[in-house]
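The values are calculated or read from the model by the stated rules, or taken from the named source; none is laboratory data. Since the structure is predicted, the reported quantities are computational estimates derived from the model, not experimental observations. Here the Cβ is made from the backbone with ideal geometry for all residues, glycine too, and neighbour counts use every protein chain on show. Protein only, heavy atoms only, side chains kept; ligands, DNA and RNA dropped before computing areas. Shrake-Rupley method; radii C 1.70, N 1.55, O 1.52, S 1.80 Å.
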Amino acid sequence: MLRIKDHLRGLVVQALGDLGVDLSTVNFDVTEPARAEFGEFATNAAMVGAKVLGTNPRDLASRLVEQILNSSSPYLRGAELAGPGFVNFRLNNSWLYEDVSAALSMGVDGYGRSDIGKGKRLLLEFVSANPTGPLHLGNGWWASYGDSLGRLLAFVNYDVSTEYYVNDTGGQIRALGESLLALAKGEAVPEGDIAGSTSPHWLEATMATSMMSLPLVSSHPTRS
């Protein structure tokens, strides 16, 4: 696909070279202007080059515009001097048509794919579903976000492994189990256990679900 910024940068470098200016080691930008009336893209190359040459930025920009307009770029509709030495570019729509055509030909599996990751291994950890409390909107959002991020990283050739953590062990889980067992027996929940800081409605629902896999425990004394 056409990288229009790279194309414009190439035009600038060529034009400066024709003017005897070597900016191969100087960093200049090709950016989108803040306002649409300034064109599709702009560069500060003349201002950067003027510092190197010790010349007037607007003079260099004017000469740069002339050279660029003499180029044979099929995408360039116009170029103009602006402000203290910017060069604004105005483009034909042909580059957009070419990009759309290329995107359609690449299809869903090809468009946007790259080798940025270069096969590097990457472990992506996301979400921590905590069984000791109710799920909330964030759990669902983080799960979808993490999964999508993993797919995008794989799409640009990272070797991605993803892990979705479920906190099903540790002190909180032990306390939850003790609370559920106590409630199932009709006993008071041990002091400091999970029931004291958890929604009673959620705890009751959890207990009802958990009882399916717990041994039946009567809350009434057994008669001899």
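Which one of these does Ala103 not meet: (1) part of a helix (DSSP H, G or I); (2) free of Cβ contacts under 8 Å to residues at least 40 places away in the same chain?
Unmet condition: (2).
Pull up segment 95-117, narrow it to residues that are surrounded by fewer than 10 Cβ atoms within 10 Å (Cβ to Cβ) and among the charged types (D, E, K, R), then point me to the one that is nearest to Val156 (Cα to Cα).
Selected residue: Asp115.
Any residue at all in segment 149-159 that is closer than 30 Å to Gly110 by Cβ and in a strand (DSSP E or B)? Walk me through it before giving the result.
If we filter segment 149-159 for residues that are closer than 30 Å to Gly110 by Cβ, which is where we start, we get 149-159.
Applying the additional criterion that residues be in a strand (DSSP E or B) yields 159.
There is at least one residue in segment 149-159 that is closer than 30 Å to Gly110 by Cβ and in a strand (DSSP E or B).
Just a yes or no: is a residue in segment 45-59 in contact with a His (Cβ under 7 Å, 6 or more places away or on another chain) and hydroxyl-bearing (Ser, Thr, Tyr)? Walk me through how you get there before you give the answer.
Pass one, segment 45-59, residues in contact with a His (Cβ under 7 Å, 6 or more places away or on another chain): none.
No, that holds for no residue.
For the structure I just gave you, tell me whether Asp59 is of a type in the set (D, E, K, R), modelled with pLDDT under 90 and in a helix (DSSP H, G or I). Can you show your working first?
On the way: of a type in the set (D, E, K, R): yes; modelled with pLDDT under 90: no; in a helix (DSSP H, G or I): yes.
No, not satisfied.
Being at pLDDT 70 or above and at positive phi is true for just one of Gly146, Gly170, Gly140. Which residue is that? Write out each step before concluding.
Values: Gly146 fails: at positive phi; Gly140 fails: at positive phi.
Exactly one of Gly146, Gly170, Gly140 is at pLDDT 70 or above and at positive phi, namely Gly170.
Scanning for something open to solvent by 30 Å² or more (accessible area, probe 1.4 Å) and out of contact with any strand residue (DSSP E or B) (no Cβ under 9 Å at 6 or more places or on another chain), does segment 38-47 turn up at least one residue?
Within segment 38-47 (the criterion being open to solvent by 30 Å² or more (accessible area, probe 1.4 Å) and out of contact with any strand residue (DSSP E or B) (no Cβ under 9 Å at 6 or more places or on another chain)), the answer is no, since none of the residues qualifies.
Give segment 9-29 a look and list any residue that's free of Cβ contacts under 8 Å to residues at least 40 places away in the same chain and open to solvent by less than 60 Å² (accessible area, probe 1.4 Å), or say none.
Here is the first cut: in segment 9-29, the ones free of Cβ contacts under 8 Å to residues at least 40 places away in the same chain are 9-10, 13, 17, 20-29.
Selection gives Gly10, Gly17, Val21, Leu23, Val26, Phe28.
Does Glu178 satisfy being modelled with pLDDT of 65 or more, outside any helix (DSSP H, G or I) and charged (D, E, K, R)?
Here the answer is no, as Glu178 does not meet what is asked.
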